[in-house]
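One structure follows; several queries about it will come next.
The values are calculated or read from the model by the stated rules, or taken from the named source; none is laboratory data. Fair warning: this is a prediction, and the values are worked out from it, not measured in the lab. We place every Cβ from the backbone using ideal geometry, glycine too, and count neighbours over all the protein chains shown.
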Amino acid sequence: MNKSFSVLCLFLFSILTFSCSESTSEQPLKLPDNLLVTVELLGNGVVKANFTADDTKFFKVNFGTPGEALQRVDGNSATKTYTERGEFILVVQAHATETDFVVSSQIVSLNAAALGLDPNTGFTSPSSYEGYNLVWADEFSGSELSQDWTFEIGDGCPDLCGWGNQELEFYKKENTKLQNGNLVITAKRENAGSRAYTSSRLITKGKRSFTYGRIDIRAKMPKGQGLWPALWMLGDNISEVSWPKCGEIDIMEMIGGSKDNQDGTVHGTVHWDNNGSYANYGGSTKLPFGIFNDEFHVFSIDWDSQKIVWKLDGVQYHVIDITPAGLDEFHKPFFFILNVAVGGLWPGNPDASTEFPQEMQVDYVRVFQKK
């Protein structure tokens, strides 16, 4: 072989190698796109996740329970049966390769209803406390309402139209019933008097009043924009000195609606007269998941000569020192009020999202006082 032929072969080999290298270069990896995840609550704790994405080889899913690892799924759905209430983070990965993927996550909230539990489930407070006597209780377990309660009827007119808050309801006796061991107050969209909504308001004025004590009320709330359930107390002397000089203790108020998790937030407040001026002091707390319509909770105050402490399910969330002389209202007898208002200055009016009827269910009211 002569020298010129060898050089020519080397030249041709170089061209062929270069050409082959150019034609086999890797294309940029295309990640999955348009990942869409939807969740279905199928009842009894069963949750189904559905997912789709473009350019996907397979999916991986994690339903967010403790100790759970991502699991490969070749189809477009996966199911999980939950046994505990709570908020869980569902994670879905759409994979192009084992290490190249896009991810989506969302919160799955499981309440008692989603788990198929008894509708009366929820927190229950103790039936006794060390150092206290149970001095009065209504368990609402009979067929008729106790004589300790009186219904307030109407819309507050002419003296206090809208009950002083521009409320929209007309209170009726017929909106209250005893059912399954609970007092049930129902707010309805129906005409009565000049009002477009009805509800009930019950008081123990003149029958049952208390100064100091541990008060537990187990209840489940209504929900929705414009609903305003309340478990509260007013001073016995309201007819003589008027409000706010009589004092007011709001054991629990809730203004319904999905905005800012209002259906999952409750408030505890006191109102009084401060040397001729109106004063109030309140606090609030939110559920870690779910809303107060999901199941029963216990709303409490622990009230003595020094302070009033508000508790939700036994956990303190607000307190006021009532030892200053200007808070003398809170050292006198108070009676109970249970009601569900509709509309008003604080919650605003119902809107298209509000569903009627709505119920507040009260399992019991218990008053304990120190021995």
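For region 327-371, give me the residue count where each residue is in contact with a Leu (Cβ under 9 Å, 6 or more places away or on another chain), among the hydrophobic types (A, V, I, L, M, F, W, C) and farther than 23 Å from Gln166 by Cβ.
Residues in region 327-371 being in contact with a Leu (Cβ under 9 Å, 6 or more places away or on another chain), among the hydrophobic types (A, V, I, L, M, F, W, C) and farther than 23 Å from Gln166 by Cβ: 7 in total.
Now, a different point. Test each condition in (1) within 21 Å of Leu227 (Cβ to Cβ); (2) surrounded by 15 or more Cβ atoms within 10 Å (Cβ to Cβ) for Leu145 and report the one that comes out false.
Going through the list (1) within 21 Å of Leu227 (Cβ to Cβ); (2) surrounded by 15 or more Cβ atoms within 10 Å (Cβ to Cβ), Leu145 breaks only (1).
Hey, another quick one. Would you mention how many residues in region 294-323 are modelled with pLDDT of 95 or more and either among the aromatic types (Phe, Trp, Tyr) or within 18 Å of Lys259 (Cα to Cα) (or both)?
Applying the first criterion (modelled with pLDDT of 95 or more) to region 294-323 yields 296-323.
Subsequent filtering for residues that are either among the aromatic types (Phe, Trp, Tyr) or within 18 Å of Lys259 (Cα to Cα) (or both) retains 296, 299, 303, 310, 317.
The total comes to 5.
For region 30-56, what are the residues that are among the aliphatic types (A, V, I, L, M) and assigned to a strand (DSSP E or B)? Steps first, please.
Filtering region 30-56 for residues among the aliphatic types (A, V, I, L, M) gives 31, 35-37, 39, 41-42, 46-47, 49, 53.
Selection gives Leu35, Leu36, Val37, Val39, Leu41, Leu42, Val46, Val47, Ala49, Ala53.
Return the residue satisfying two criteria in turn: it lies in region 20-51 and is small (Gly, Ala, Ser) and surrounded by 10 or more Cβ atoms within 10 Å (Cβ to Cβ), and of such residues it is modelled with the lowest pLDDT. Even if it seems obvious, please write down each step before you answer.
First, the residues of region 20-51 that are small (Gly, Ala, Ser): 21, 23, 25, 43, 45, 49.
Filter once more, so that each one left must be surrounded by 10 or more Cβ atoms within 10 Å (Cβ to Cβ): 43, 45, 49.
Values: Gly43: 92, Gly45: 95, Ala49: 97.
Ranking the candidates gives Gly43 first.
Considering only region 67-86, how many residues are over 14 Å from Leu35 (Cα atoms) and not in a loop (DSSP other than H, G, I, E, B)?
8
Among the residues of region 181-200, are any under 28 Å from Asp302 (Cβ atoms), β-branched (Val, Ile, Thr) and touching a Ser or Thr at 6+ places or on another chain (Cβ under 6 Å)?
Yes - at least one qualifying residue is present in region 181-200.
Which of the following residues is buried (at least 17 other Cβ atoms within 10 Å of the Cβ), within 26 Å of the chain's Cα centre (by Cα) and modelled with pLDDT of 95 or more: Lys188, Lys177? If you could, list the steps in order and put the result at the bottom.
Details: Lys177 fails: buried (at least 17 other Cβ atoms within 10 Å of the Cβ).
Sole residue among the options that is buried (at least 17 other Cβ atoms within 10 Å of the Cβ), within 26 Å of the chain's Cα centre (by Cα) and modelled with pLDDT of 95 or more: Lys188.
Within region 87-136, which residues are under 17 Å from the mean Cα position of the chain (by Cα) and assigned to a strand (DSSP E or B)?
Glu87, Phe88, Ile107, Val108, Ser109, Leu110, Gly122
A follow-up question, please. For region 79-137, what are the residues that are within 18 Å of Asp294 (Cα to Cα) and among the aliphatic types (A, V, I, L, M)?
Ile107, Val108, Leu110, Ala112, Ala113, Ala114, Leu115, Leu117
For region 275-302, what are the residues that are more than 17 Å from Leu234 (Cβ to Cβ) and of a type in the set (S, T, N, Q)?
Scanning region 275-302 gives Asn275, Ser277, Ser284, Thr285, Asn293, Ser300.
Could I ask something else about it? Of everything in region 87-102, what is closer than 24 Å to Lys30 by Cβ, free of Cβ contacts under 8 Å to residues at least 60 places away in the same chain and surrounded by 12 or more Cβ atoms within 10 Å (Cβ to Cβ)? Give them in sequence order.
Residues of region 87-102 that are closer than 24 Å to Lys30 by Cβ, as a first pass: 91-102.
After this cut, where a residue has to be free of Cβ contacts under 8 Å to residues at least 60 places away in the same chain as well, the list is 91-93, 98-99.
Matches in region 87-102: Val91, Val92, Gln93.
Restricting to region 241-290, and then to whatever is closer than 18 Å to Leu227 by Cα and among the basic types (Lys, Arg), can you tell me which residue is modelled with the lowest pLDDT?
Out of the qualifying residues, it is Lys259.
Same structure, new question: List every residue pair whose Cβ atoms lie under 8 Å apart, where the two residues are 6 or more positions apart in sequence or sit on different chains, the first residue falls within region 71-86 and is among the basic types (Lys, Arg), and the second residue, located anywhere, is surrounded by 12 or more Cβ atoms within 10 Å (Cβ to Cβ) and in a strand (DSSP E or B).
Sorted first by the residue in region 71-86, then by its partner, the pairs are Arg72/Phe58; Arg72/Phe59; Arg72/Lys60; Lys80/Val46; Lys80/Val47; Lys80/Ala49; Arg85/Leu110.
Just to confirm my filter: which strands (runs of 3 or more DSSP E) fall fully inside region 172-223 and include at least 1 residues that are of a type in the set (Asp, Glu), assigned by TED's automatic domain parsing to the domain that holds Phe292 and out of contact with any His (no Cβ under 6 Å at 6 or more places or on another chain)?
On the way: elements: 176-179, 182-192, 195-199, 201-203, 213-220.
Passing ranges, in order: 182-192, 213-220.
Something else now. Considering region 52-70 alone, what residues qualify as being of a type in the set (A, V, I, L, M), surrounded by 12 or more Cβ atoms within 10 Å (Cβ to Cβ) and either free of Cβ contacts under 8 Å to residues at least 24 places away in the same chain or farther than 30 Å from Leu287 by Cα (or both)?
Applying the first criterion (of a type in the set (A, V, I, L, M)) to region 52-70 yields 53, 61, 69-70.
Retained after the next criterion (residues that are surrounded by 12 or more Cβ atoms within 10 Å (Cβ to Cβ)): 53, 61, 70.
The answer is Ala53, Leu70.
Continuing with the same structure: Residues of region 275-288 being exposed (fewer than 13 other Cβ atoms within 10 Å of the Cβ) and either farther than 17 Å from Gln316 by Cα or of a type in the set (Gly, Ala, Ser) (or both), which ones? Write out each step before concluding.
To start, the set of residues in region 275-288 that are exposed (fewer than 13 other Cβ atoms within 10 Å of the Cβ) comprises 275-278, 280, 288.
Answer for region 275-288, where residues must be exposed (fewer than 13 other Cβ atoms within 10 Å of the Cβ) and either farther than 17 Å from Gln316 by Cα or of a type in the set (Gly, Ala, Ser) (or both): Asn275, Gly276, Ser277, Tyr278, Asn280.
Then there is this: State the number of residues belonging to region 217-234 that are in contact with a helix residue (DSSP H, G or I) (Cβ under 6 Å, 6 or more places away or on another chain) and crowded, with 24+ Cβ neighbours inside 10 Å. Full working, then the answer.
Going residue by residue through region 217-234, those that are in contact with a helix residue (DSSP H, G or I) (Cβ under 6 Å, 6 or more places away or on another chain) are 223.
In the following step, the residues that additionally are crowded, with 24+ Cβ neighbours inside 10 Å were identified as none.
Number of matching residues: 0.
Given the residues Asp159, Asp74, Asp148, Asp155, which is the only one that is modelled with pLDDT under 95, of a type in the set (Asp, Glu) and touching a strand residue (DSSP E or B) at 6+ places or on another chain (Cβ under 9 Å)? Write out each step before concluding.
Values: Asp159 fails: touching a strand residue (DSSP E or B) at 6+ places or on another chain (Cβ under 9 Å); Asp148 fails: modelled with pLDDT under 95; Asp155 fails: modelled with pLDDT under 95.
Exactly one residue qualifies, and that residue is Asp74.
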